[in-house]
Amino acid sequence: MGLFPKPEETKQWMWPYYGTANRVYCVDSVNGDDDNPGFSWRQAKATIMAAINLARYQLGTTTIDSSKDHHAVVLVAPGHYNEQVLFSGYNIHLIGCGCPVPGKDYGVSINYDGAIDTTAVLGFSGSGIHVANLHIYCAEAIPALNMAGGDNNLVENVVIEGDGTNCTYGIQAVSMKGSWIRDCVILTPATTGIFLDGGADRYAINGGIERCQIRGAATGVKGIHCEATMTAYNFRIHQNWIDVEGGGATAVGIHDESTGNVFITDNYVVVETAATAISGAGHGSLNNHVSTNGTVTDPYDDD
C-alpha cells in the first residue's frame with residue numbers, strides 16, 4: 001500500500017464494505033432529494049427506500065445483485081423518516097448516523113403512519129443484511145421490524161417503540177440462521193418484544209439474542225418467545241434485561257417452545273407474582289436472575 005496510499009486503496013483499507021465503486025449511498029430527509037444520485041451528502045437521497053433500491057440492485061438495473069463481492073452501504077442522516085422500508089437483497093448495510101435515544105435526540109427515526117400493512121415498519125429478507133443505529137416507532141397492528149428470511153443477518157443498536165396497544169412485536173424473526181440481534185432496546189410491544197416465528201424450514205441456529213433491553217406492560221406480554229415449530233440449535237439468549245412486571249400474572253419473560261437446543265444464560269427478568277419468568281428452558285438454562293415483585297432469585301432455577 002505504501003506510506004501514502006492511493007484513494008482507492010484507502011477506501012479498501014479503512015472501510016471493509018467497499019467491493020464495487022460507488023456503492024455507498026447517503027440519505028438526508030431535510031436536505032436530500034430522491035432525484036439526486038445519492039453518492040454524497042451534498043447529493044443525498046431524501047428517502048431511505050430510494051437509497052436501498054440503488055444499493056440492492058446491480059448498477060443501472062432493477063436486478064438484485066447477489067454476487068459474492070457485492071456490499072452496499074446506506075448511510076442515513078439524523079431526522080424523521082415517515083416511510084415504510086421493505087426490501088430484499090444481499091450484503092446491504094443500513095446504518096443510521098445518529099444516536100437513537102427515545103424522548104431525547106432520536107437520531108434516525110423511522111415513523112410509519114400510513115395505511116395499516118401486514119408486514120412491518122422496517123422489513124427485509126436476504127442474507128448479509130446489517131441494520132444499525134436506528135429508532136423505529138410503530139403504532140400500527142404490525143411488527144416494528146420484521147426479519148423475513150435469510151442467513152447471517154445482524155440487527156444491533158436499534159431502539160424500537162411500540163404504542164403498547166397496536167404494535168404486535170418489536171422484532172419478528174422468521175429465520176435466524178447465523179443471525180444475531182444485539183444491544184437493542186424494545187419498549188411497549190402489545191404482544192412480544194422479540195418473537196421467533198416458527199414454521200416449516202424455519203431455524204434459529206448458530207446465532208442468538210444478546211444484551212437487549214425489553215420492557216412490556218400489556219397484559220400477558222412476553223419478552224422473548226421462541227415458537228414451538230422453530231427448530232433451534234447452537235442458539236443463545238444471553239445477558240438480556242427483560243421487564244414484563246406490568247403485564248400481570250400471565251406475562252412471561254422468556255418463553256422457549258422451540259425444538260432443539262437454546263442456551264438461556266445470564267438474563268435478568270422482572271415479573272409480577274404468579275407470572276412466569278422463564279419457561280420451557282430445559283434445553284440449557286444457566287445463571288439467570290429473576291426479580292418477582294422485588295424479591296430476587298439469584299440464580300433462578302426454572303427446572
Legend entry - Which numbered condition Pro189 misses (of (1) in a loop (DSSP other than H, G, I, E, B); (2) farther than 24 Å from His289 by Cα; (3) within 17 Å of the chain's Cα centre (by Cα)): (2)
Inset, instruction - Any chance you could count how many residues in the range 246-303 are on the phi < 0 side of the Ramachandran plot, at pLDDT below 85, part of a loop (DSSP other than H, G, I, E, B) and buried (at least 17 other Cβ atoms within 10 Å of the Cβ)? - result: 3
Inset, instruction - Considering every residue within the range 173-186, establish whether at least one is at pLDDT below 95, assigned to a loop (DSSP other than H, G, I, E, B), more than 13 Å from the chain's Cα centre (by Cα) and of a type in the set (Val, Ile, Thr). - result: no
Legend entry - Filter pass, Ala190 being of a type outside the set (Phe, Trp, Tyr), modelled with pLDDT of 95 or more and surrounded by 24 or more Cβ atoms within 10 Å (Cβ to Cβ): no
Inset, instruction - Quick one: count up the residues across the range 28-53 that are touching a Phe, Trp or Tyr at 6+ places or on another chain (Cβ under 7 Å), among the charged types (D, E, K, R) and farther than 13 Å from Val108 by Cβ. - result: 1
Legend entry - Some residue of the range 153-165 being in contact with a Gly (Cβ under 6 Å, 6 or more places away or on another chain) and among the polar types (S, T, N, Q): no
Legend entry - Those residues of the range 194-220 which are in contact with a Ser or Thr (Cβ under 8 Å, 6 or more places away or on another chain), among the β-branched types (Val, Ile, Thr) and not in a loop (DSSP other than H, G, I, E, B), in sequence order: Ile205
Inset, instruction - Return the pairs, sorted by first residue and then second, in which the second residue is assigned to a loop (DSSP other than H, G, I, E, B) and crowded, with 21+ Cβ neighbours inside 10 Å, the first residue lies in the range 177-198 and is charged (D, E, K, R), the beta carbons are less than 7 Å apart, and the residues are 6+ apart or on different chains. - result: Asp183/Cys212
Inset, instruction - Return yes or no: is Ala228 farther than 18 Å from Cys138 by Cα and assigned to a loop (DSSP other than H, G, I, E, B)? - result: yes
Inset, instruction - Can you tell me which residue within the range 67-85, out of those that are at negative phi, among the small types (Gly, Ala, Ser) and under 22 Å from the mean Cα position of the chain (by Cα), is surrounded by the most Cβ atoms within 10 Å (Cβ to Cβ)? - result: Ala72
Inset, instruction - Please state which of the following conditions Tyr18 fails to meet, knowing it meets all the rest: (1) surrounded by 13 or more Cβ atoms within 10 Å (Cβ to Cβ); (2) at pLDDT 90 or above; (3) part of a loop (DSSP other than H, G, I, E, B). - result: (2)
Legend entry - Search result, residues across the range 229-271 that are over 19 Å from Gly178 (Cα atoms) and of a type in the set (A, V, I, L, M): Ile242, Val244, Ala249, Ala251, Val252, Ile254, Val269, Val270, Val271
Inset, instruction - May I ask you to list the residues in the range 195-213 that are touching a Lys or Arg at 6+ places or on another chain (Cβ under 9 Å) and hydrophobic (A, V, I, L, M, F, W, C)? - result: Phe195, Leu196, Ala204, Ile205, Ile209, Cys212
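The values are calculated or read from the model by the stated rules, or taken from the named source; none is laboratory data. Owing to the predicted nature of the structure, the values given are computational and were not obtained by experimental measurement. FYI the Cβ positions are ideal-geometry reconstructions off the backbone, even for glycines, and counts take in every protein chain you see.
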